[in-house]
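These notes are about the structure you will find just below.
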Amino acid sequence: MSCSHKAMAIYLNQHHFVPFLRVSEFFNTVYNMSLSAGSVVNFVKKTHKNLKSTEQVIRDALLDTPVAGADETGMRAKGSLHWLHIMRDEQWTLYYLSEKRGCKAMDAMGILLTFAGVLVHDHWKPYFTYAAVHVLCNAHHLRELQGVVDRDGNHLALRMMKLLRLSWHYCKGFKTVGMTQMPSVVRDRIEDIYDRILKRALAKEAAYMEKQRQEIGRKKVKNTKAYNLFKRLSEFKVETLRYLSDFSIPFDNNGSERDVRMAKLKQKISGCFRSDDGSSMFARIRSYLSSAKKQGMNIFRKFSKTAGYTIRQLTLSSFDQAT
């Protein structure tokens, strides 16, 4: 079997998530080749081995990046729930699958313990244990605010949504004319409106909870979801609005969610992982594929002569090495 055929088998399995048996059927049907599912597994194993140094290159690059996003999602492996952790920026992606979801898994991933840049995330509490500059995802905030509007008809939540969207629109406009941060006069005005909306919203929710407490005759009632959201936006104002003072900081963490989506797609198409080997192979190879694609590389062809890329590990085709 030629190098290109082996490369095609790995490409179909790892990039398009075609199961091993269906890759075998593809070659039998299209090329009239007798290729077993076990052979495809062996190609993937060798590719995984060859990419060990590349994985370290990605990890080192993310350690030095000024702005990174982080996210995690559940995946089934060995019949139980595991967690796929992701660190990424516009050039690099690192996946790490673990049985744990918290700090132990993120420590083992090998980035956040010493990461000193800006970390964009969805307010999951374990992220705050790391000494990074924290930024909260406003796409999450907009979804939660929309939930308050739909559930309670809260006009203050709607005003906050409009303010966040308008402020980001202003940021993009100022950025197009070469500015790196919003003018202080505009920023102060936005922050003032932000504070006044939250002050009124918290007072309104507190009055509602007090009324509920008196009606049921209890000493205390559970906070409403709206109150908890408004309180969080107030307490984490700096982390929520940091994009106003530095245009290199994104408004949301949608990049991480896009990278997560491919892993979820894999699980929908070809099911869960049956072993630790399968999960580790997927994480390492997918890290390489995502990083190479972000940098404009053709992940099927040789990259040794690709212009503009000097890191040796990413200018070698793992598919050809698998031969």
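The values are calculated or read from the model by the stated rules, or taken from the named source; none is laboratory data. Treat the numbers as computed from the prediction; the structure is a model and nothing was measured. Positions of Cβ are backbone-derived with ideal geometry, glycine not excepted, and every protein chain shown enters the neighbour counts. Keep in mind that these areas ignore ligands, DNA and RNA; they rest on the heavy atoms of the full protein, side chains included. Shrake-Rupley method; radii C 1.70, N 1.55, O 1.52, S 1.80 Å.
Tell me whether segment 44-59 contains one or more residues that are more than 30 Å from M106 (Cα to Cα), out of contact with any strand residue (DSSP E or B) (no Cβ under 7 Å at 6 or more places or on another chain), in a helix (DSSP H, G or I) and of a type outside the set (D, E).
Just the residues of segment 44-59 that are more than 30 Å from M106 (Cα to Cα), to begin with: none.
The answer is no, given that none of the residues of segment 44-59 is more than 30 Å from M106 (Cα to Cα), out of contact with any strand residue (DSSP E or B) (no Cβ under 7 Å at 6 or more places or on another chain), in a helix (DSSP H, G or I) and of a type outside the set (D, E).
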Q. Of the residues that sit in segment 62-88 and are free of Cβ contacts under 8 Å to residues at least 40 places away in the same chain and touching a strand residue (DSSP E or B) at 6+ places or on another chain (Cβ under 9 Å), which one is surrounded by the most Cβ atoms within 10 Å (Cβ to Cβ)?
A. M87
Q: For L81, indicate whether it is part of a strand (DSSP E or B), of a type outside the set (K, R) and more than 19 Å from H121 (Cβ to Cβ).
A: yes
Q.
I'm checking my understanding of the structure. Among residues of segment 213-245 that are open to solvent by less than 60 Å² (accessible area, probe 1.4 Å) and either of a type in the set (S, T, N, Q) or at pLDDT below 95 (or both), which one is nearest to H140 (Cα to Cα)?
A. T240
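Filter segment 96-139 down to residues that are in a strand (DSSP E or B) and not hydrophobic (A, V, I, L, M, F, W, C) and give me whichever is least open to solvent (accessible area, probe 1.4 Å). It would help to see each step written out before you state the result.
Looking only at segment 96-139, we keep the residues that are in a strand (DSSP E or B), and these are 96-98, 118-121, 133-136.
Keeping just the survivors that are not hydrophobic (A, V, I, L, M, F, W, C) gives 96, 98, 121, 134.
Details: Y96: 66, S98: 18, H121: 0, H134: 19 Å².
That would be H121.
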Q. Does any residue of segment 114-136 turn out to be over 28 Å from W168 (Cβ atoms) and in contact with a strand residue (DSSP E or B) (Cβ under 6 Å, 6 or more places away or on another chain)?
A. no
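Residue-by-condition table, conditions (1) touching a residue at least 60 places away in the same chain (Cβ under 8 Å); (2) more than 27 Å from the chain's Cα centre (by Cα); (3) outside any helix (DSSP H, G or I); (4) under 14 Å from S248 (Cα atoms):
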residue: V149; (1), (2), (3), (4): no, no, no, no
residue: A157; (1), (2), (3), (4): yes, no, no, no
residue: M160; (1), (2), (3), (4): yes, no, no, no
residue: L163; (1), (2), (3), (4): no, no, no, no
residue: L166; (1), (2), (3), (4): no, no, no, no
residue: H169; (1), (2), (3), (4): no, no, no, no
residue: K172; (1), (2), (3), (4): no, no, no, yes
residue: Q181; (1), (2), (3), (4): yes, no, yes, yes
residue: R187; (1), (2), (3), (4): no, yes, no, no
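Quickly run through segment 3-42 and pick out the residues that are open to solvent by 50 Å² or more (accessible area, probe 1.4 Å), part of a loop (DSSP other than H, G, I, E, B) and more than 18 Å from K266 (Cα to Cα).
Step one: list which residues in segment 3-42 are open to solvent by 50 Å² or more (accessible area, probe 1.4 Å), which gives 3-4, 11, 16, 20-22, 25-26, 28-32, 34, 36, 42.
This time we only want the ones that are part of a loop (DSSP other than H, G, I, E, B), so: 16, 31-32, 34, 36.
Scanning segment 3-42 gives Y31, N32, S34, S36.
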(Q) If I go through segment 218-243 residue by residue, how many of them are closer than 14 Å to D152 by Cβ and in contact with a helix residue (DSSP H, G or I) (Cβ under 6 Å, 6 or more places away or on another chain)? (A) 5
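Quick one: which residue in R258, R232 is under 30 Å from R22 (Cα atoms) and in a helix (DSSP H, G or I)?
Just one listed residue meets the conditions, R258.
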